[in-house]
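Novice: Provided herewith is a single structure, encoded as structure tokens, for subsequent inquiry.
The values are calculated or read from the model by the stated rules, or taken from the named source; none is laboratory data. Remember, predicted model here, so these are calculated numbers, not experimental data. We place every Cβ from the backbone using ideal geometry, glycine too, and count neighbours over all the protein chains shown. With ligands, DNA and RNA removed, areas are computed over all heavy atoms of the protein, side chains included. Shrake-Rupley method; radii C 1.70, N 1.55, O 1.52, S 1.80 Å.
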Amino acid sequence: MPIFGRCGILAVALAALMSLSSAMPARASGPATICLFTDFGWDDPYVAQLKGSIITINPNARLLDLTHSVAPYNITEGAYLLDQCAVEFPAGTIFVAVVDPQVGTDRDPIMIETNKEKFFVGPDNGLFAQVIQRDGLMHAWKLDKPEFYHAGDLSRTFHGRDIFGPVAAHLADGTDPDRLGTPMKTLEVNAGKDAILTGGMIDTQVLHIDRYGNIVLNLRADSDLATKLKEGTLVKISVGRDSFSAPFVKTYGEVDKGRLLLLFGSSGQLEISVNQGAAAHQLKVEPGTAIYLKP
């Protein structure tokens with residue numbers, strides 16, 4: 001069972017879980033879907049090389065780009081977006097997720113299977129933390145079988161192409177996961193910062209800024225702290241030395257155009273928004289910025 005401590009460390013005991021079910025990918029019909037999720041962007045050859053490494057091994061693989069626009073190196077934003085991107089996909093889907101600032105260091109390359117029978121291949125750096133929180137963890141493997149890597153010399157700086165993509169290709173082609181790596185008895189990943197109450201203020205962190213400029217925070221609607229927010233009341237928002245105020249509402253249209261507001265968005269996370277405007281521009285924040293709320 002996953003256990004999250006205040007320090008943000010997830011410790012998962014796996015020994016009792018290994019016998020729960022077969023780890024073979026569940027397929028409804030046709031080839032397995034491999035979903036790609038990275039911070040590579042589109043201007044460089046990295047996405048193309050990742051896809052090429054997969055198709056070379058498994059020409060029948062069905063590839064789907066989720067996003068390649070995660071803020072570079074930002075594991076916190078990546079963990080949130082990966083969870084949101086993966087939630088609607090069916091059992092048997094394989095996700096190659098690469099936001100990997102520690103590539104080439106002693107961080108492990110891993111593969112996990114959740115209780116929803118979805119597979120995630122990528123670095124052991126916290127990127128899978130929110131997926132595990134939502135879906136639970138069934139199996140985990142350390143990817144230490146070079147025969148399933150990219151042919152040729154292994155790059156120290158591009159494990160997406162040389163390890164994660166090829167392993168996903170073999171998995172989609174029906175290779176038993178236990179052949180692809182060594183089962184792990186424990187898994188430790190950084191689960192990220194939780195919103196906390198400090199001196200009467202809710203200490204939050206920006207997880208993501210969407211294309212509308214909405215600021216997504218690490219406070220969920222089903223959390224105890226969410227009860228501190230009362231509909232229709234003004235909330236003081238502090239960012240560094242700057243302060244703002246906004247009502248807590250249910251919909252964007254409850255306030256005048258251009259006005260700041262707070263609400264719980266479709267993801268269940270608290271958002272700071274502007275009706276038909278960009279809150280992120282007004283508050284001058286980015287993923288990782290600390291924001292304090294005074295209900």
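Novice: Tell me whether the range 240-248 contains one or more residues that are in contact (Cβ under 8 Å) with a residue 60 or more places away in the chain, under 22 Å from GLU77 (Cα atoms) and part of a loop (DSSP other than H, G, I, E, B).
Specialist: Taking every residue of the range 240-248 in turn, none turns out to be in contact (Cβ under 8 Å) with a residue 60 or more places away in the chain, under 22 Å from GLU77 (Cα atoms) and part of a loop (DSSP other than H, G, I, E, B).
Novice: Is the range 101-111 home to any residue that is more than 20 Å from PRO146 (Cα to Cα) and out of contact with any Phe, Trp or Tyr (no Cβ under 7 Å at 6 or more places or on another chain)? Before the answer, list the steps.
Specialist: Step one: list which residues in the range 101-111 are more than 20 Å from PRO146 (Cα to Cα), which gives 101.
From what is left, the residues that are out of contact with any Phe, Trp or Tyr (no Cβ under 7 Å at 6 or more places or on another chain) are none.
No: the range 101-111 contains no residue that is more than 20 Å from PRO146 (Cα to Cα) and out of contact with any Phe, Trp or Tyr (no Cβ under 7 Å at 6 or more places or on another chain).
Novice: Answer yes or no: is there a residue in the range 220-235 that is in contact with a Lys or Arg (Cβ under 8 Å, 6 or more places away or on another chain), farther than 24 Å from GLU88 by Cα, open to solvent by 20 Å² or more (accessible area, probe 1.4 Å) and part of a strand (DSSP E or B).
Specialist: no
Novice: While we're here: Restrict the check to the range 210-217 and report whether at least one residue is within 16 Å of ALA279 (Cβ to Cβ) and open to solvent by 70 Å² or more (accessible area, probe 1.4 Å).
Specialist: Taking every residue of the range 210-217 in turn, at least one turns out to be within 16 Å of ALA279 (Cβ to Cβ) and open to solvent by 70 Å² or more (accessible area, probe 1.4 Å).
Novice: Also, I was wondering about something else. Among the residues of the range 40-83, write down those that are of a type in the set (S, T, N, Q), at pLDDT 95 or above, assigned to a helix (DSSP H, G or I) and open to solvent by less than 50 Å² (accessible area, probe 1.4 Å).
Specialist: Hit for the range 40-83 is SER53, nothing else.
Novice: Further question: Hey, any hits in the range 250-260 for a residue that's in a strand (DSSP E or B), open to solvent by 30 Å² or more (accessible area, probe 1.4 Å) and free of Cβ contacts under 8 Å to residues at least 24 places away in the same chain?
Specialist: The answer is no; no qualifying residue exists.
Novice: Residue check: is ASP203 among the charged types (D, E, K, R), farther than 23 Å from ASN74 by Cα and either open to solvent by less than 30 Å² (accessible area, probe 1.4 Å) or not in a strand (DSSP E or B) (or both)?
Specialist: So ASP203 does not fit the description; no.
Novice: Quick check on the range 90-101: of everything there that is out of contact with any strand residue (DSSP E or B) (no Cβ under 7 Å at 6 or more places or on another chain) and open to solvent by 10 Å² or more (accessible area, probe 1.4 Å), which residue is farthest from LEU187 (Cα to Cα)?
Specialist: Of everything passing the filter in the range 90-101, PRO90 is farthest from LEU187 (Cα to Cα).
Novice: So which residues in the range 84-105 are under 13 Å from the mean Cα position of the chain (by Cα), in contact (Cβ under 8 Å) with a residue 60 or more places away in the chain and either closer than 15 Å to ILE34 by Cβ or in a strand (DSSP E or B) (or both)?
Specialist: Within the range 84-105, PHE95, VAL96, ALA97, VAL98 qualify.
Novice: Also: Here's a check for you: in the range 106-126, which residue that is more than 18 Å from GLY181 (Cα to Cα) and at pLDDT 95 or above is most open to solvent (accessible area, probe 1.4 Å)?
Specialist: LYS116
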